[in-house]
Amino acid sequence: MATLILVRHGRTTANASGTLAGRLPGVLLDEVGREQVAATAARLAAVPLAALVSSPLERCRETARAIASAQQHKPRIQTEKRLTECDYGSWQGGTLKELAKEELWKTVQQQPSAARFPGGESLREMSDRAVAAVRQRDAAIEAEHGPGAVWAAVSHGDVIKSILADAVGSHLDQFQRIVVDPASVSIVRFTSARPFVVTSNSHAGDLSWLAPALPEGGAEGGAADDAAVGGGAGPSSAGPPS
C-alpha cells in the first residue's frame, strides 16, 4: 500500500488577519508561514517522494516548491484542481469575525454536510472531489511505483479535514472535530480493506521511518491490509512523529 502525506500550506497573510481567503489570487505565505514550510520541508527531506501534488493556489504551490527543493531528487510538482480550496462564494474575502454572525455559520459548525456557501459550493461537494482525487491518485501511484511508494499532497485546511474524516470513517458532520494547522503533516495509508490514519496535525518529529516502506505483511504477520491486533510494534526505526 502506498502512503499519502497530506500537508497544509503554511500561514498566510489572510490567516494572520482572520480573513477567509478562499480562492482569491495573490494570497501568499507570510514570514511565519515561510518558516513553517521550511521546517516541514526539512522533515520531509528524509522521505523520498514518488510524487508531489498541489492545489493550484499560490500558497500551496509555494509550500510544494519548498518541499520539492529539499528533496534529493527534486520531484516535479503536479497540480490537482480537485485539491483546491472550497469555493466559499460570497463569503470569500470576509473576516471570520463578521462571518460568525451569519446564520449559515451555525450550520457550517454543527451540520457541515448541509452547508452550501452562497454563490459557491457545498462542503459535501468539496469533500467528494477531494476524497476522489486522493484515492485515485494513490491507486495510480501505487500501480506505477509499488506498494512502498510515499507521496505528498499539499492542500487546504477544510479539504484535508474532509479527507481525514473520510479515512477514519467519520460522517462529514464530524469533520470540525479535526484540527489541521498551517504546515502540519497528516499521514494516511489506503488499502483494499480500509484506510489507516497514521498521524494527523503533526508539527515536529522524525519522518525517516516512512522510508523505506514497511515490509509486505508487516513484522506482526497477517495481510498488509489488516490492522495489527493489539496495536502492533510500530515502525522499525525512529517511530511516528508527535
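Any chance you could give the angle, 0 to 90 degrees and rounded to 10, that helix 123-145 forms with the longest Cα principal axis of the chain? Rounded to the nearest ten degrees, it is 30. Just from its helices, what would the mean residue ellipticity at 222 nm be for the chain, if runs of 4 or more DSSP H residues each count -39500 (n - 2.57) and the sum is divided by every residue, rounded to the nearest 500 deg cm²/dmol? Dividing the helical sum by the residues of the chain leaves -10000 deg cm²/dmol. In this rough spin-label picture, where each label sits 7 Å from Cα along the Cβ direction, the residue 65-residue 114 distance is 4.4 nm. Close amide-amide hydrogen proximity is noted between residue 53 and 78, 152, 153, 154, each under 5 Å apart and 5 or more residues distant or on a separate chain (H modeled in the peptide plane; Pro and chain starts excluded). 3J(HN,Hα) couplings calculated from phi for region 71-85 with the Karplus curve 6.51 cos²θ - 1.76 cosθ + 1.60 (θ = phi - 60°) are, in sequence order, 7, 5, 9, 6, x, 6, 7, 9, 8, 10, 4, 6, 9, 6, 4 Hz; Gly and Pro show x. Using the Cβ-Cβ distance between residue 95 and residue 193 with R0 = 30 Å, the FRET efficiency computed as 1/(1 + (r/R0)^6) comes to roughly 0.10. Taking Lys and Arg as +1 and Asp and Glu as -1, the other residues whose beta-carbon sits under 12 Å from that of residue 55 total +2. Rounded to the nearest 10 degrees, the inclination of helix 31-44 to the longest alpha-carbon principal axis of the chain is 20 degrees. Working from label points 7 Å from Cα in the Cα-to-Cβ sense, the residue 136 to residue 203 distance is 3.5 nm. For residue 81, a cut-off of 21 angstrom between C-alpha atoms picks up these lysines, skipping any fewer than 8 places away in its own chain: 161.
Counting other C-beta atoms within 10 Å, and keeping those with at most 13, which DSSP coil GluC sites (Glu not before Pro) do you find in region 1-79?
Details: sites: 31, 35, 58, 62; in loops: none.
Answer by residue number: there is no such site.
Contact order for the chain, expressed relative to its length and based on alpha carbon pairs under 8 Å spaced 6+ residues apart, stands at 27 percent. Backbone amide hydrogens, once placed in the peptide plane, bring residue 21 within less than 5 Å of 93, excluding anything fewer than 5 places away on its chain. Angle of helix 58-70 to the longest C-alpha principal axis of the chain, folded into 0 to 90 degrees and rounded to 10: 20°.
Placing unit charges on each Cβ (+1 for Lys and Arg, -1 for Asp and Glu) gives the chain a dipole about its Cα centre, and among 208, 153, 27 the Cα reaching farthest toward its positive end belongs to 27. Between residue 32 and residue 145, the simple label model (points 7 Å from Cα in the Cβ direction) yields a spacing of 3.2 nm.
When the expected Rg is taken as 2.2 N^0.38 Å, what fraction or multiple of it is the alpha-carbon Rg of region 3-210? Numbers along the way, then the final one.
Working: Rg = 16.3 Å, N = 208, 2.2 N^0.38 = 16.7 Å.
Relative to the 2.2 N^0.38 Å estimate, region 3-210 comes out at 0.98.
With just the Cα atoms defining each centre, how far is region 1-61 from region 65-117? Give it in Å. Rounded to whole Å, the Cα centres lie 12 Å apart.
Taking Cβ atoms as reference points and 15 Å as the exclusive limit, the residues near residue 205 contribute a net charge of -1, counting Lys and Arg as +1 and Asp and Glu as -1.
Values quoted throughout were computed directly from the atomic coordinates according to the rules given, and no laboratory measurement underlies them. These numbers were taken from a predicted model, which means no experiment stands behind them. Please note: Cβ atoms are built from the backbone with ideal geometry, for glycine as well, and neighbour counts cover all protein chains shown.
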